[in-house]
Amino acid sequence: MDDTDARDVRETYEEIADHFSKTRAYPWPEVETFVEEEDPVAVGLDLGCGNGRHVAVLAERADRVVALDASRNLLGAARDRIDDPGMRLVQGDAARLPLRADSVGLAVYVATLHHLPSREHRRESLDELARVLGADGRGLVSVWSTAHDRFDADPDAETGFDTTIDWTLPDGSVVPRFYHIYAPAEFEADLEASQLQVESVRVSSGNCYAEVQSQA
Amino acid sequence: MNEDLLDIICCPLDKSELELDVRDRDDGEIVSGTLTCTECGEAYPIEDGIPNLLPPDMREETTA
């Protein structure tokens, strides 16, 4: 897995964007529940927006929603699918965000952090989320975890593992995707080491979720 | 790209402000142009209405 870098993950999604988008139509209930309980903000952020499945959810609470992804083809799919006047598409890297400090009031960072190729990148990315969240800003972070049924892993281990999970296109060709599957303890450790303030962490449907704030 | 993004986005490398140079505009939206960092001078393209603010080492090596 040493040769996997952030560009590889982006290129993977460029290749599968069209088919991937067709299979990712609905928002996650965990995201809807989180956002529904939040106060209105000026700017929302969907970090790793993919085809924009959570943009409309965020738009219920945010005047403008920055939809950021590394893959241009996924951003193109978001533009085709989502007709929301507040949506602002940005191509960028989750570990080096092109967004100003304190510019975001409400963020969802769902099923993306686990694609970053090293622990260093993943921790940088959490610090970047802390930087862009304003003083009262709040966010929801999710990753795939070792607690998921499909992994034969010890969910009580200190760390998770790197793996490759194939995406099969309609023509039968297979595109590998890099994942770091988090042990819940590791997810908590990375959050604790970051500039984020953690309000709660839980495991649901094989994913780890954390509600976070910027450190005051 | 809507011009109101300028008060949110910044250079991904040094987080400085970006200067907008519009090449093509359609019905208020910026279709193509360049965002240039006012500090390090790195230029980021706006293509097909979407600003590409990936750090230079993550960009396409060749245009597809």
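Worth pointing out:
- Of all the criteria given as (1) at the interface with another protein chain (Cβ under 10 Å from one of its Cβ atoms); (2) among the hydrophobic types (A, V, I, L, M, F, W, C); (3) loosely packed, with under 15 Cβ neighbours inside 10 Å, the one not satisfied by residue B:5 is (3).
- Among the candidates B:20, B:35, residue that is surrounded by 15 or more Cβ atoms within 10 Å (Cβ to Cβ) and in contact with a Gly (Cβ under 7 Å, 6 or more places away or on another chain): B:20
- Residues considered: A:113, A:106. Of these, the only one that is in contact with a strand residue (DSSP E or B) (Cβ under 6 Å, 6 or more places away or on another chain), within 18 Å of residue B:58 (Cα to Cα) and more than 9 Å from chain B (Cβ to nearest Cβ) is A:113.
- Selection status of residue A:70, within 8 Å of chain B (Cβ to nearest Cβ), in contact with a helix residue (DSSP H, G or I) (Cβ under 9 Å, 6 or more places away or on another chain), of a type outside the set (Lys, Arg) and surrounded by fewer than 19 Cβ atoms within 10 Å (Cβ to Cβ): no
- Scanning the stretch A:73-100 for residues that are at the interface with chain B (Cβ under 7 Å from one of its Cβ atoms) and either of a type outside the set (S, T, N, Q) or closer than 23 Å to residue A:215 by Cβ (or both) turns up A:75, A:88, A:89, A:90, A:92, A:93, A:96, A:97, A:98, A:99, A:100.
- Selection within the stretch A:137-169 - part of a strand (DSSP E or B), surrounded by 13 or more Cβ atoms within 10 Å (Cβ to Cβ) and more than 20 Å from the chain's Cα centre (by Cα): none
- Single residue of A:186, A:199 found to be surrounded by fewer than 16 Cβ atoms within 10 Å (Cβ to Cβ) and at pLDDT 90 or above: A:199
- Some residue of the stretch B:47-54 being touching a Cys at 6+ places or on another chain (Cβ under 9 Å), assigned to a loop (DSSP other than H, G, I, E, B) and within 12 Å of another protein chain (Cβ to nearest Cβ): yes
- Within the stretch B:11-46, tally of residues that are polar (S, T, N, Q) and either over 10 Å from the mean Cα position of the chain (by Cα) or assigned to a loop (DSSP other than H, G, I, E, B) (or both): 2
- Among (1) surrounded by fewer than 14 Cβ atoms within 10 Å (Cβ to Cβ); (2) in contact (Cβ under 8 Å) with a residue 24 or more places away in the chain; (3) out of contact with any strand residue (DSSP E or B) (no Cβ under 8 Å at 6 or more places or on another chain) - the single one residue A:120 does not satisfy: (2)
- Flag if residue A:204 is under 30 Å from residue A:86 (Cβ atoms), touching a Phe, Trp or Tyr at 6+ places or on another chain (Cβ under 6 Å) and small (Gly, Ala, Ser): no
- Verdict on residue A:36 being away from chain B (no Cβ under 13 Å) and of a type in the set (Asp, Glu): yes
- The one condition in (1) surrounded by fewer than 20 Cβ atoms within 10 Å (Cβ to Cβ); (2) touching a residue at least 40 places away in the same chain (Cβ under 8 Å); (3) closer than 22 Å to residue B:1 by Cβ that residue A:38 fails to fulfil: (3)
- Taken over the stretch B:25-64, the criterion of being over 18 Å from residue A:76 (Cβ atoms), among the acidic types (Asp, Glu) and modelled with pLDDT of 95 or more is satisfied by B:39, B:42.
- Residues within the stretch A:114-130 that are within 28 Å of residue A:166 (Cβ to Cβ) and in a helix (DSSP H, G or I), tallied: 10
The values are calculated or read from the model by the stated rules, or taken from the named source; none is laboratory data. Worth saying up front: this structure is predicted, and the values here are computed from it rather than measured. Virtual Cβ from ideal backbone geometry, glycine too; neighbours counted across all protein chains shown.
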